[in-house]
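Below is one structure, written out as structure tokens, with a few remarks after it.
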Amino acid sequence: MINDKKVIFSGIQPSSDSVTLGNYLGALKNWVTLQDEYSCIFSVVDMHAITVRQEPAQLRKNTLSLLAQYIACGLDAEKNIMFIQSHVPQHAELSWILNCFTQMGELNRMTQFKDKSQKHPENINAGLYTYPVLMAADILLYQTDLVPVGADQKQHLELARDIAHRFNTLYSDTFVVPDAYIPAKNAGAKIMSLQTPTAKMSKSDPNPNGCIFLLDKPEDIIRKVKRAVTDSEAEVCYREGKDGINNLLTIYSTVTGKSVDEAVAEFTGRGYGDFKLAVGEAVAEHLRPIQERYDDLMKNKDYLESVYKKGAESAFSIARRTVTKVKKKVGFII
Ligand code: TYM
């Protein structure tokens, strides 16, 4: 607990110049709603990003851009700690120690590792393999109670819990065992690709029309949604097997704040063309003020620098406390 409030930690990798609509609806948008009730710590996890090859100048740009996207989406730099992961060396330090409390068998089971190794067969590095341990370190360093993420991170979260529990059992209570905070299935937990609605929306979608980016132009958003793969029926309803329509209904309801039932009622008797246009326009309209704030923020690099510097100082002082405690427990002379 910090200031009697429960602690939230989460992060996004700066591995592209814009987050996806999946990142936004599965994670970022929910962070904004939690910032008053919790002590929140949000990191731009650049150390995670280098598990896949990054172009250095682009990574620097993406890192700053992601911080600006956090703020543009509504995260208040006065209320939350926002920082860049590599600025706080305790992440690497705790990660090493936790590596020694994680079994190979546990890491072998991680589906994201299996997927990413398939996608990057030329670079199956050890960092990609131990990535979930770094993620556990991120979370456990801040004695985090709750981790708001999309459904794809559930397995990593469970590993973080297992590691925390294992360490606590061996050495007495050291870490808070964190809970995942994942939206409901029809509320953004897993936004699907517009082109392959059985697969998660991802920036690495082989079809560029499959993924909407937070910084996409309105006309591109509307075009991508118009081309979204649906089904051969003509009924807008949320039903097993209607993956494309279910996904669009989820997107529509999360950006408009209407329930899925309300959305279905609105489009009863109307064709898919009408529905898709409404979804595209609603997304573009929802993202418009975010994009405007983003453009302003990117003109003020000094401000962004002040946010991440202050964030790193605050994160450092919390992280150092945890690492000191951990070092004592394992028997290091400190
Ligand atoms: P990353 O960068 O892949 O994704 C960031 C967040 O977006 C969510 N997300 C989605 N949610 C719904 N639908 C989708 N299609 C979709 N795609 C992505 C992810 O679940 C995530 O919440 N390992 C993490 C980053 C991380 C982290 C942490 C998160 C590192 N350390 C500590 C929480 C706590 C990742 O790769 O997220």
Within 10 Å of each candidate Cβ there may be at most 15 other Cβ atoms; applying that plus a DSSP loop requirement, which trypsin sites (Lys or Arg not before Pro) in region 66-120 survive? K79, R109
Mean 1/r over all different Cα pairs, inverted: what Kirkwood radius does region 1-115 give, in Å? 15.6 Å
Alpha-carbon spread of the chain, three principal axes, descending order, Å: 71, 45, 42
Ranked list, fewest to most other Cβ atoms within 10 Å of each Cβ, for W31, W96: W96, W31
The relative contact order of region 233-334, taking Cα pairs under 8 Å that sit 6 or more residues apart, comes to a percentage of 21 percent
For region 127-222, taking Cα atoms only, what is the radius of gyration to one decimal and the Dmax to the nearest whole Å? 17.1, 57
R0 = 25 Å: FRET efficiency of D179 with K309, Cβ-based, nearest 0.05? 0.25
Restricting region 240-334 to GluC sites (Glu not before Pro) in coil, as DSSP defines it, with at most 15 other Cβ within 10 Å: E240
Take each complete run of DSSP H in the chain, measure how far its Cα atoms stretch along the helix's own axis, and keep only those covering 30 Å or more with mean Kyte-Doolittle hydropathy at least -0.5; list them. 272-298
Considering only DSSP states other than H, G, I, E and B, which trypsin sites (Lys or Arg not before Pro) in region 1-58 qualify as loop sites with at most 15 other Cβ atoms within 10 Å? R53
Between the alpha carbon centres of region 27-67 and region 91-115 the gap in Å comes to 21 Å
Rounded D (µm²/s) - region 74-118, Kirkwood Rh over Cα pairs, Stokes-Einstein at 37 °C, 0.692 mPa s: 242 µm²/s
Per-pair calculated FRET efficiency, R0 = 41 Å: R239 and K301 via Cβ, rounded to 0.05: 0.25
Looking only at region 41-55, which residues have a backbone nitrogen under 17 Å from a spot 7 Å from the Cα of A92 in the C-beta direction? 44-52, 54
Which whole-number percent is the relative contact order of region 62-164 (Cα, under 8 Å, 6+ apart)? 30 percent
Label-point separation (nm) for N123 and N99, each offset 7 Å from Cα along Cα-to-Cβ? 1.9 nm
Note on the chain: contact order normalised by length, alpha-carbon pairs under 8 Å, 6 or more apart, percent, works out to 22 percent
Members of K114/K154; K29/K185; K114/K242; K79/K299; K61/K309 lying beyond 19 Å, as alpha-carbon distances in this model show: K114/K242; K79/K299
Cut-off 12 Å, label 7 Å out along Cα→Cβ of V330, residues of region 113-157 by amide N: 137
Per residue, the convex hull volume that the Cα atoms of region 208-294 enclose (Å³): 85 Å³
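Bear in mind that the values in this text are calculations on the coordinates, not laboratory data. Quantities reported herein were computed from a predicted structural model and do not represent experimental measurements. Here Cβ is always computed from backbone atoms with ideal geometry, including for glycine, and neighbour counts include all displayed protein chains.
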